[in-house]
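Below is one structure; the comments refer to it alone.
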Amino acid sequence: MALPRLLVRALHRAAAAAAPSAPDFNSFVPRTNTCGELRSAHVGQKVTLYGWVQYQRQGLFLVLRDFQGLTQVIIPQDEAHSHVRELLSGAPLESVLRVTGTVSPRPLGQENPKMPTGDIEVKAETAEILNSCKKLPFEIKDFIKKSEALRMQYRYLDLRSSRLQSALRLRSRLVMSMRHYLCNLHGFVDVETPTLFKRTPGGAKEFLVPSREPGKFYSLPQSPQQFKQLLMVGGLDRYFQVARCYRDEGSRPDRQPEFTQEALAEYGTDKPDTRFGMKIVDVSDVLRRSNVHFVQNALTYPHGSIRAICIPQGVRYLTNKDLESLKESAKSQFNQEIMEIIHRPDGSLKSLLTKFLGEKEKSELIQALNMQEGDVVLLAAGEHEQVCRALGALRLLSASLLEAAGLALRDPTAFHFLWVVDFPLFLPKAENPTELESAHHPFTAPHPSDASLLYSDPTKVRSQHYDLVLNGNEVGGGSIRIHSAEQQRFVLEKVLKEDSEVLSHLIEALELGAPPHGGIALGLDRLISLIVDAPSIRDVIAFPKSFRGRDLMGNAPDYVTPEELEPYHIQVSWPLEEKEAKKN
């Protein structure tokens with residue numbers, strides 16, 4: 001738990017040490033100042049500003065915007081500057097202007113304390129429209145609601161928003177601090193690995209790239225995993241890179257093994273949000289002696305259990321409609337029935353369940369769940385994993401409902417890190433449960449205590465895989481790697497049924513003096529999205545793809561003509577446009 005906190009503090013120190021005293025935003029450009037830096041100290045100075053027209057009012061003034069802020073520009077009204085008045089008064093919103101003028105204090109009482117430049121204004125003397133803007137598909141304002149598809153189609157416009165500007169500039173500073181911290185303070189080496197490689201077994205599906213050799217393809221690495229190992233073998237024991245990972249698939253659903261951590265038992269997920277309580281509690285023993293049919297039926301399952309979460313002050317903050325929506329969510333997503341129990345102000349319990357319970361069982365239930373007056377309990381019975389996953393989802397939904405109703409539950413400024421360990425090394429394949437696949441990747445080493453099970457019962461082997469979780473989100477993951485060529489060959493050939501020849505270069509490297517080694521990959525996009533409280537990682541990436549992997553701005557992927565495909569010895573047998581033509 002302490003390591004991530006130390007890492008965060010160290011990054012802050014590194015950032016402070018690496019940052020210049022004040023960046024010069026006006027070097028190599030014809031402007032004298034940005035639109036966000038003018039203050040009362042600049043009064044009387046002649047300045048030249050460049051920016052977009054944010055706002056214009058009745059030909060009297062306009063607000064000019066650039067990447068750093070806003071400045072109010074006064075439009076001259078005298079006859080000598082009539083051409084400037086006409087130009088600025090008629091400039092469409094989001095047109096690009098150059099304005100030269102003198103910085104003046106705003107009239108008494110007209111200061112704007114909400115603007116950093118709110119004490120001054122620039123009285124325009126000359127101006128030029130560098131590019132006039134036609135009608136926009138949406139306004140460049142953060143409070144204007146617009147669909148994500150529209151934002152991605154016109155990403156170059158969305159990038160002008162202060163929200164995205166702030167996120168991308170923070171990302172740049174964070175990466176610079178990271179490089180300084182790792183390279184200058186701890187001796188890491190920044191190495192860039194190839195983008196074009198070959199298909200490798202296991203892990204996510206890879207994009208294929210045709211070559212000019214008939215029948216041969218490159219692939220884009222879904223993770224530069226092998227290069228990490230080869231660099232370790234080559235003596236670069238401390239290396240890092242900001243790598244792009246290419247995966248030809250949608251989001252993989254979370255898969256929970258039956259013998260997972262305590263994390264599943266207490267939080268219903270392997271990436272718990274520990275900023276608040278409401279842990280899942282096992283009440284099987286309390287209700288085991290009851291005569292409730294569904295309880296007894298659940299306990300007959302091989303892994304049957306009865307578990308519950310206690311929602312603090314649920315009576316006050318949750319409506320009947322809220323409770324029904326929670327139960328419906330558990331039913332639709334997990335096929336799990338939920339029963340609520342309300343702790344009345346008089347100390348009694350209200351529930352369909354309680355009429356089947358004696359006073360001793362009621363008292364034990366209150367004690368086990370630490371119920372207080374006004375609390376609401378959601379109880380589920382059934383197979384262990386399904387019950388935990390359903391209650392884990394309800395725990396998060398309940399927290400959101402409580403916060404929406406005004407109860408402060410999760411501190412948005414808090415950063416709660418934790419490590420999740422003891423993952424299984426292998427999982428049954430979804431499409432064929434009799435076969436196994438790597439839970440992490442095929443190069444992950446088995447837990448030392450389970451090494452012998454690798455050859456007798458690989459389904460019971462734990463891995464040396466670890467995930468770093470922040471506020472309920474996985475922000476990093478890694479593992480200790482297999483450094484024995486014999487063990488790596490056995491995993492590939494005997495357990496995963498893969499052709500080890502595809503990885504002959506790696507196995508040969510492991511035979512030539514490979515030291516024990518491991519690593520971790522942090523999800524930079526996810527981490528920054530959490531820092532800036534963005535709903536999606538697409539809000540911290542300059543040019544993201546859609547959920548389906550499409551570039552809505554450039555309309556990619558796109559068709560390629562037969563002539564363009566000819567050098568790659570590829571023919572498209574059924575182009576979509578031909579299919580549509582045949583249908584019609």
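Quick look at the values:
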| quantity | calculated |
| --- | --- |
| Ranked order, 183, 310 - accessible area, probe 1.4 Å, largest first | 183, 310 |
| Coil-residue GluC sites (Glu not before Pro) of region 81-121, DSSP, other Cβ within 10 Å capped at 16 | 111 |
| Volume of the Cα convex hull of region 118-239, divided per residue and given in Å³ | 279 Å³ |
| Chymotrypsin sites (Phe, Trp or Tyr not before Pro) restricted to DSSP loop in region 373-468 with at most 14 other C-beta within 10 Å | 415 |
| Span-like helix ranges in the chain, DSSP H, alpha carbon extent 27 angstrom or more, Kyte mean at least -0.5 | 384-404 |
| Kirkwood Rh, Cα atoms: Rg over Rh of region 481-542 | 1.27 |
| FRET efficiency estimate (nearest 0.05) - Cβ-Cβ, residue 131 to residue 512, R0 51 angstrom | 0.30 |
| Relative contact order, percent, region 302-449 [alpha-carbon distance under 8 Å, six or more residues apart] | 30 percent |
| The chain - share of DSSP beta bridges that are antiparallel (%, nearest 5) | 95 percent |
| Region 412-461 and region 105-149: distance between their alpha carbon centers, rounded to Å | 54 Å |
| Cross-link reach list, lysines versus residue 141, counting only Cα pairs under 19 Å and skipping chain neighbours closer than eight places | 114 |
| For the chain, calculated [θ]222 nm from helices alone, where every DSSP H run of n ≥ 4 adds -39500 (n - 2.57) | -8000 deg cm²/dmol |
| Region 320-366: GluC sites (Glu not before Pro) in DSSP coil with no more than 15 other Cβ atoms inside 10 Å | 337 |
| Sequence-distant lysines (8 or more away, or on other chains) whose Cα lies within less than 28 Å of residue 350 | 279, 321, 327, 331, 360, 362 |
| Paired Rg and Dmax values of region 254-370, which use every Cα atom, in angstrom | 14.9, 43 |
| Over the chain, volume per residue of the alpha carbon convex hull, in Å³ | 253 Å³ |
| Cα lying deepest toward the dipole's positive end in region 444-580, options 529, 541, 553, charges on Cβ | 529 |
| For residue 423, distant residues with modelled amide H under 5 Å away | 463, 465 |
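The values are calculated or read from the model by the stated rules, or taken from the named source; none is laboratory data. Keep in mind it's a predicted model, so treat the numbers as computed, not measured. Here Cβ is always computed from backbone atoms with ideal geometry, including for glycine, and neighbour counts include all displayed protein chains. What goes into the accessible areas is simple: the full protein's heavy atoms, side chains included, and nothing from ligands, DNA or RNA. Shrake-Rupley method; radii C 1.70, N 1.55, O 1.52, S 1.80 Å.
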